[in-house]
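A short worksheet on the structure shown next.
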Amino acid sequence: MPYDTHSIILGTGRAAPEKILTNADLEKIVDTSDAWIVERTGIRERHIAEPGTGLTPLASEAARKALEDAGIEAEQIDLIILGTVTGDYTFPATACLVQEQIGAKHAAAFDISAACSGFLYSLQCADALMRSVGYRHVLVIGGEVLTSILDWSDRNTCTLFGDGAGAAVLGVGQDGSGLIASHIQSNGEHAHLLYNPGCGSMYPPTPENVDQKVNTIRMEGKEVFRYAVSSMLDGLSKVLARAGLTSEDIDLLIPHQANLRIIQAVGKRLDLPEEKIFINVGHYGNTSAASIPMALDEARRSGRANKGDLVAMVTFGAGFTWAAALVRL
Ligand code: ACO
């Protein structure tokens, strides 16, 4: 792909498990209340996968819908990149399992671990590989089954997360639309403010480690909140500067859907009116790598994001990682 062309979004799709867990349901599991959760996070309900079903069915459903929307056959896909921290197995990559499910038999496939930044990290990698290798059609997916790594006795975390997947099919465009600018960044200094210690090489699933619930999310919520707002603003300012644009040029901001207060703080600092900010955290909770592609798909299908619009996407997550992208639809 020559440097004067852009990777463009040809189609999007999303999938969420049927089962819904409301705040009222959570009140029966931990010492919490609907009022507390709504006031502090904006979350009212989240979709949760049946235990033992894994990520592949959700990611494959989102991928099939994105392919249909794009009018592209699975066999035309050259590459699949899946952002996730809750793949089916430690290996192989869940992207390979999705490849098999959808019949993308000519594709290379791999996962990217960047937590809530997984989709935008994958998008930047896809774009770079399209430019350097010449891939024509790339399937980028963000998906999580975060409920598989929650400690259901910890009200600080189990109230925040949900499951789902979102996907986008990228193609090559030359009409000025597509990915205009993107930025990814990390700061490993804060790795332990938000992490899942278990089931890697440090804490393998021995009986003792399983007893200690090592395979669950640990989070210092207040610290995460603080860094999330400043990092998301940093990412956005970098892509806007790179594109020679300002926040006034944004038609729709699609922020990572972690917490309504984080989203509102970012929107306020950018002086963006409410109608220019896409919010669906109330219905899905924080779906980590899935949140942006799910929101992007909902925004496109509901008419909130239309052809020609400048869409800004921005995220922050464990690592810490953060990322932003500007896309002209
Ligand atoms: N229900 C009732 N009480 C709760 C709950 C709950 N679900 N969770 C925590 N509390 C209690 C705490 O135990 C604490 O009680 P204490 O004072 O008796 O110790 C009290 O509420 C206040 O706790 P804080 O942690 O200070 O509450 P805060 O206002 O910071 O809100 C929250 C917590 C919602 C987690 C907030 O810090 C936050 O949103 N942080 C960002 C975290 C996040 O979004 N992480 C997702 C991953 S990263 C990302 O996606 C951006």
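Side notes on the structure shown:
- Inter-residue pairs, beta-carbon under 6 Å, first under 17 Å from S117 (Cβ atoms) and in segment 258-286, second among the polar types (S, T, N, Q), 6+ apart: A258/N286; N259/T41; V281/Q257
- Taking (1) within 15 Å of the ligand (Cβ to nearest atom); (2) part of a helix (DSSP H, G or I); (3) in contact with a helix residue (DSSP H, G or I) (Cβ under 8 Å, 6 or more places away or on another chain); (4) within 22 Å of L179 (Cα to Cα) in turn, A228 satisfies each apart from (4).
- When segment 251-269 is filtered for residues that are more than 11 Å from the ligand (Cβ to nearest atom) and either modelled with pLDDT under 95 or not in a helix (DSSP H, G or I) (or both), the ones remaining, listed by number, are D251, L252, L253, I254.
- Considering residues of segment 12-45 that are closer than 17 Å to G143 by Cα and loosely packed, with under 15 Cβ neighbours inside 10 Å only, the residue farthest from the ligand (Cβ to nearest atom): E18
- Within segment 272-296, being over 19 Å from T41 (Cβ atoms) and surrounded by fewer than 24 Cβ atoms within 10 Å (Cβ to Cβ) holds for L272, P273, E275, K276.
- Among the residues of segment 270-292, those that are out of contact with any Phe, Trp or Tyr (no Cβ under 6 Å at 6 or more places or on another chain) and in a loop (DSSP other than H, G, I, E, B) comprise D271, L272, P273, F278, I279, N280, T287.
The values are calculated or read from the model by the stated rules, or taken from the named source; none is laboratory data. This one's a predicted model, so the numbers in the text were calculated from it and none came from an experiment. Note: ideal-geometry Cβ built from the backbone for every residue, glycine included; neighbour counts use all protein chains shown.
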